[in-house]
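Each remark here refers to the structure printed beneath this line.
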Amino acid sequence: MEVPENGTSASLRYAFGNVLSFFILILIGVLAFSIRLFSVIKYESVIHEFDPYFNYRVTQYLTKKGIYEFWNWFDDRTWYPLGRVIGGTVYPGLTLTAGSIWWLVNSLNIPLSVETVCVFTAPIFSAIASWATYLLTKEVKGTGAGLTAAAILAMVPSYISRSVAGSYDNEAVAIFALIFTFYLYVKTLNTGSLFYATLNALAYFYMVCSWGGYTFIINLIPMHVLLCIVTGRYSPRLYIAYAPLVILGTLLASLVPVVGFNAVMTSEHFASFLVFIIIHVVAFVYYVKGLLSPKMFKVAVALVVSVGMVVCCAVVAVLVALVASSPTKGWSGRSLSLLDPTYASKYIPIIASVSEHQPPTWPSYFMDINVLAFLVPAGIIACFLPLSDASCFVVLYIVTSVYFSGVMVRLMLVLAPAACIMSGIALSQAFDVLTRSVKFQLPGVSGNLQSGAGDTTSSTTVTPSDVVKTEKQPPTDNSEDTIKERTSKKKKKKEKEHVEKVSLKSQIQKRLLVLPLDTSIIGILLLVLLGAFYVVHCVWAAAEAYSAPSIVLTSHSHDGLHVFDDFREAYAWLSHNTEVDDKVASWWDYGYQTTAMANRTVIVDNNTWNNTHIATVGTAMSSPEKAAWEIFNSLDVKYVLVVFGGLVGYPSDDINKFLWMVRIGGGVFPHIKEPDYLRDGQYRIDSQATSTMLNCLMYKLAYYRFVETDGKGFDRVRRTEIGKKHFKLTHFEEVFTTHHWMVRIYKLKPPKNRIRGKAKKSKSVSKGSTATSLKRSGGRKRNPWH
Amino acid sequence: MGFRFNLFLFLIAMLSTPVLSDLILAKVDRRIDLTSQIVRITSVLKVENAGTDVVSEVLFALPEYQSKNLVFMQAFPNGGKGKTKASTTSLPFQVVNPEGMPPALTFYSVSLPKGLSKGESFTFDVFVVFTHSLRPFPEEITQADSQIVLFQDSAYYLSPYEVKVQSLTVTLPSARVESYTKLHNTKHVDSEIKYGPYEKLPPFSYSPIVIHFENNRPFAVAQQLVREIEISHWGNIQVTEHYNLVHGGAQNKGGFSRLDYQVRAHVRGSSSFRHLTAKLPPRARSVYYRDEIGNISTSHLWGDSRKTELEIEPRYPMFGGWRTSFTIGYGLPLKDFLFESGKKRFLNITFGCPIDDVVVNNLIVKVVLPEGSKDISVATPFVVKQSQEVKYSHLDIAGRPVVVLEKTNVVPEHNVHFQVYYKFNTLSLLREPLMLISGFFLLFITCIVYMHADITISKSSPSYLAKLQWDEVQAAIQQFRSSINRCLVVHDKLEASLRDLSRTGDVQSCKAARKAADGSLKELAKELKPLLAFLQSSPQATQLWPKVEELVAKEREMQEKLMLKHSTVVDSYEKKSGVRDIENRIASLQQKLVALRQDVDELLEFLDEI
């Protein structure tokens, strides 16, 4: 409706629009960055949770020793006595990214510590990810949708949960890499430029470096290509977008040590090769079709199809045989659990034991993507209105990611960008329609718009009102509703005819989508309300739900904020008051933190690459004291660390995780049987608990002298009194317990001197020792100064 | 230990014959303060010259086992009974090695303010501080035990001179004493043990005493403390202190039970310490307390106009032998510590550790001066090891000069001011902001240049030529659109004149408006001609051409209809026909016009989107 005076003003308007969207993008980046700083403001600038500590440690190593040492790093401080080849088993993208940021900053003589860089890597990359979302959505549906999608992604709770400041995990950069790869793919698809195709392969390489989720890309893009081919949307652009990606991408991917030959050997990648063959066949067919006459072509098709079927069958048979010959049928456990949600819990307890590998619940959808869940269908419809290659890619993306998020909570993260793009499209289209209908019908607005550009204000304001008058006249003249309808129908028909004449698709929509004024104003208000609700929810999620670093816990009581800093207390104690080469055994959850914060060798950690080793620790924890001591002693363990929340009510402690230890231990060592620890199928630690349970090491280490705190031994997590209250440890010795008893560290007592051959004497000796210990305690009591 | 004492006595007996000078000590009062881990001995000496020569130096002897732990020594004249330390200046002293003296003793020669002639006397105080002189015994204790330490010294004042009257008072932290050496004239009252007075003892008299007593005061020893003082002339002095702390008392054995510690903390953990207090300068701001794994939340800060007190609590209670490390940092206002004298500026700040009763085994003070400082010199009240290094910090190029001062065995008595003098040009302050500004300026300039420069490699490639042509077409379309728009404006003017006519009935002005409109429309049509010709011929515009053509046709039609409407209305006005009549006559025209107008708008928008 704007009537610019001349060409310069129009270009000025474009420039203004560009500058405006540039500033909006900058603001979106600032928003994405700053909404993730709640954790720093509310807590402190510290690395969060478990995996980030490992990444932090690797980054420290990288910055200290350099890239070559990093590739060759054999870490002997974990998985004792096996060790772990870090360089070859880690996705290096995040580490290298943070390492190069650190290097850049320090070469400019800005003294930032590695920790600071690591803490702020995730927020920086979420800002970049929202810009990538803008680019992708812009390719699909234009600038408006792009800006909306970017703004939505900047604060989507699901992504915030993995990228708050301090959450230094692979996902932080991987989501950016994912979106950016998709953007470049769509860009290549739209332009057919080989330049973007190459960039796309590089972006894919970065994604492979960053996260195991790259298999999602290498399966989704072939699916889209296949869809395009099947629906007859094959074009040379599609070929350019896909073929270089497969070749270059696979070559680059196999450069990453952790992927290596998996890029061609495992079945996650087979789909891409299959589609690669298909696209070549199709390209060939199109080429031949151009050469031959239609008749000849039909003959040739019949010939080729019959031969091709035979070849295909043979190839498929070979493939199936190859896949079937490998033990897990060529699929890794995590991927298999994607296809069959019940797979993990059936076969791999170690995967099932991680809470983020569980299927999500409905509330978690509302929590993580909030109103986007309602906007997504609208977005899908909007994508179909003119269905392009790009929009059908986005539709495919959302559909597959919805499925995957339904399998694993963790993959909600992949759904989030898709949902943001869809909602961005939906919102922007809705606003587009509503504001346009307001503009069409509001004389003042359109008049103002014109008067802003036109030079004769009086005339311009008058003409549209005349138009409106004339438009409105027929309906007002007719009093009966039916006639109204008819006339409006007629009008519509007329308009349709017009449109056909003009033959512009967008114009059809415009005409059809003009809504009544009040409806559209109410619609706008409701959409703004919806958006406001979303923003409020996101800020709440960022500030309250996802900002806790989980190594520091806080609780609000009547006398103010109470801080539980027990984990770091224990790690600091370990790091300062034990020998450098002492081995610390704990459940694998705390492995990364122990190596990173306490700098002590651990037996198992969160990498969980060796199930037997974890099962050994699980067995030790679920064995009686003496057997456990023997296991630990054989592993050269000096300290055992257990997490106990019973005193302050910290629910995710080792007692609650204990059944997994039993299960994983029992999976390898059959003498550990889960039913022995359950009373009538119930897991309990009160007086009804089985004696196996009450005598296992975990129970004893957790509840040692617990009864003396309140005289009853009331466990605040399980809300019950513990079953066995007074007991002594014979093979372990308490060396440290933190302020709130959340971490308890025990030392293995050295083996007793054995007197050979004389059992009786040894008995008497043991009696004597108890006697002396009694004496000692008596001596304590008699101490006059105490 | 006994063996060593015997050796001492032997040596002393053998060598005690030569008398150094004719000085005698008329009165010696010693007070040994054992209330903390640091041993502080104050001796009040009254020297008398019994000989004839004028004497200006007095010797002060320490046995080897004490001299190796000696960390601080000060002698000052005692002005009468009341101790007026503040008014007096300390007496200079130095280590001497007089001939014929036992080698196991270290002698310090104190210079008197003026020489003593015969019969004159002079009273002065000697204040010495020892660290690591309290030996825990037993060396390992459990959590429940309290810490018992041994201290040894001589009951008699060890001096190369004859001592007429002397006494010794030992102050202990508590009344609980396991044992102490009993000589004649020994009294134990509460937390004090008194030896003496003893009279007329020959030179080098020595009588070892050992006191075995309870001392649960914190034995906090910082094995290393690095203090970094960074001066910023923007108004801040940033002090960062890295501590490596250890409990230097009896080793803890047999684990640590939190239960015992929590239920009966005073009894089951008496040898441990939980918190330390750092006395920071007033107006200290942004204080932090952390270690390498993050902030330590257990600290409290108070402040008033004279001091800031920071109470820090390590992550865990410190038992014997336990270690910890942490960092304290704070900012101080520049004007409180930086002064100018002549052309030079100088920093005047305390040297030692701000935490009470901490012994620092190795203190490193680094003063980071701003980049571009020159002529650096340091003035310290005691001997320290000096060196210089360079530190690179925020956007430095040449680096900042750093003065490194090292000193071992630092006690709170060392917490005195020292000065670092340097020259610094205030203009250098602006360098870094200017660097940043020019950096961003260059960045923007490069962006602008990049946006405007044509960096195509091949100027003859078809895609490049196509792009150029496309640009031309776009410019032409742009012009075309603007002319069409101007046409529309003219149309609007005509409409407006009609409205005026209906209001005023002024036919003449309406006609004039029509004439003007006719003229301008003709002009515009002239303008359009070359553009249309170009668009028709251009191969890039083939797709657009039908639209353009359509637009031109629509616009023509609209013009005609409008003119028709105009003339009809004007005619009817001239004929003075009724308003309704006119409306009826032009209704069909009006509808067509509206439809055309919309079509034109749509076409324009379509072109707009290109």
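The values are calculated or read from the model by the stated rules, or taken from the named source; none is laboratory data. Everything numeric in this text was worked out from a predicted model, so none of it was measured. Cβ coordinates were reconstructed from backbone atoms using ideal geometry, including for glycine residues, and neighbour counts include every protein chain displayed.
For this structure, a couple of remarks:
- Candidates B:Arg499, B:Arg503, B:Arg481, filtered to the one that is more than 29 Å from B:Arg585 (Cβ to Cβ) and of a type in the set (Lys, Arg): B:Arg481
- Close Cβ contacts (under 6 Å, 6 or more residues apart or on different chains) running from residues in the stretch B:139-164 that are within 14 Å of chain A (Cβ to nearest Cβ) to residues that are among the acidic types (Asp, Glu) comprise B:Ser146/B:Glu214; B:Ile148/B:Glu178; B:Ile148/B:Glu214.
- Scanning the stretch B:298-305 turns up no residue that is crowded, with 22+ Cβ neighbours inside 10 Å and either closer than 27 Å to A:Leu553 by Cα or within 14 Å of chain A (Cβ to nearest Cβ) (or both).
- Subset of the stretch B:383-430 (residues that are surrounded by 13 or more Cβ atoms within 10 Å (Cβ to Cβ), charged (D, E, K, R) and away from every other protein chain (no Cβ under 14 Å)): B:Glu406, B:Lys407, B:Glu413, B:Lys423
- Options A:Gly444, A:Gly424, A:Gly406, A:Gly379; residue that is part of a helix (DSSP H, G or I), under 24 Å from the mean Cα position of the chain (by Cα) and at pLDDT below 90: A:Gly406
- Verdict on B:Gln474 being within 14 Å of chain A (Cβ to nearest Cβ) and out of contact with any Gly (no Cβ under 7 Å at 6 or more places or on another chain): yes
- Subset of the stretch B:477-518 that is within 13 Å of chain A (Cβ to nearest Cβ) and of a type in the set (Ser, Thr, Tyr) - its residue that is surrounded by the most Cβ atoms within 10 Å (Cβ to Cβ): B:Ser497
- Residue count, the stretch B:142-179 (criterion: polar (S, T, N, Q) and more than 24 Å from B:Val129 (Cβ to Cβ)): 4
- Residue in the stretch B:341-364 that is more than 14 Å from chain A (Cβ to nearest Cβ), surrounded by 12 or more Cβ atoms within 10 Å (Cβ to Cβ) and of a type in the set (Gly, Ala, Ser) present: yes
- Condition check for A:Glu139: touching a residue at least 40 places away in the same chain (Cβ under 8 Å), of a type in the set (D, E, K, R) and away from chain B (no Cβ under 14 Å): yes
- Spans of strands (runs of 3 or more DSSP E) in the stretch B:190-287 with at least 1 residues within 14 Å of chain A (Cβ to nearest Cβ): B:208-214, B:220-232, B:236-247
- Here A:Val735 meets each of (1) more than 17 Å from A:Phe658 (Cα to Cα); (2) in a loop (DSSP other than H, G, I, E, B) with one exception, condition (2).
- Contact map, the stretch A:114-130: residues that are within 12 Å of A:Gly166 (Cα to Cα) paired with residues that are assigned to a helix (DSSP H, G or I) and among the charged types (D, E, K, R), Cβ distance under 6 Å, separation 6+ or inter-chain. Pairs shown: A:Pro123/A:Arg36.
- Residue that is modelled with the highest pLDDT, among those in the stretch B:45-87 that are basic (Lys, Arg) and in a loop (DSSP other than H, G, I, E, B): B:Lys68
- Filtered by the rule that a residue be of a type in the set (A, V, I, L, M, F, W, C), within 30 Å of B:Ser272 (Cα to Cα) and modelled with pLDDT of 90 or more, the stretch B:319-350 gives B:Trp322, B:Phe326, B:Ile328.
- Boolean, A:Pro360 is surrounded by 16 or more Cβ atoms within 10 Å (Cβ to Cβ), under 17 Å from A:Trp660 (Cβ atoms) and modelled with pLDDT of 70 or more: no
- For B:Cys353, the criteria (1) over 25 Å from B:Arg283 (Cα atoms); (2) assigned to a loop (DSSP other than H, G, I, E, B) hold in every case but one, which is (1).
- Scanning the stretch A:58-88 for residues that are in contact with a Lys or Arg (Cβ under 9 Å, 6 or more places away or on another chain), charged (D, E, K, R) and farther than 18 Å from A:Val258 by Cα returns A:Asp76, A:Arg77.
- Any chance B:Asp125 is in a loop (DSSP other than H, G, I, E, B) and crowded, with 17+ Cβ neighbours inside 10 Å: no
- Within the stretch A:258-291, the set of residues being of a type in the set (Phe, Trp, Tyr) and outside any helix (DSSP H, G or I) comprises just one member, A:Phe261.
- Selection status of B:Thr568, within 30 Å of B:Pro462 (Cα to Cα), of a type outside the set (Lys, Arg) and more than 11 Å from every other protein chain (Cβ to nearest Cβ): no
- Being in contact (Cβ under 8 Å) with a residue 24 or more places away in the chain, surrounded by 15 or more Cβ atoms within 10 Å (Cβ to Cβ) and not small (Gly, Ala, Ser) is a property that does not hold for A:Thr250.
- Helices (runs of 4 or more DSSP H) fully within the stretch A:1-116 that include at least 2 residues being more than 13 Å from chain B (Cβ to nearest Cβ): A:7-34, A:51-65, A:67-71, A:86-89, A:93-107.
- Residue within the stretch B:511-518 that is modelled with pLDDT of 80 or more and within 21 Å of B:Ala475 (Cβ to Cβ) present: no
- Of the residues screened, B:Pro370 is not one that is more than 11 Å from every other protein chain (Cβ to nearest Cβ), out of contact with any strand residue (DSSP E or B) (no Cβ under 8 Å at 6 or more places or on another chain) and buried (at least 18 other Cβ atoms within 10 Å of the Cβ).
- The single condition among (1) assigned to a helix (DSSP H, G or I); (2) polar (S, T, N, Q); (3) over 21 Å from B:Arg597 (Cα atoms) that B:Gln543 does not meet is (1).
- Tally, over the stretch B:444-471, of residues that are under 27 Å from A:Arg13 (Cβ atoms), away from every other protein chain (no Cβ under 14 Å) and not in a loop (DSSP other than H, G, I, E, B): 8
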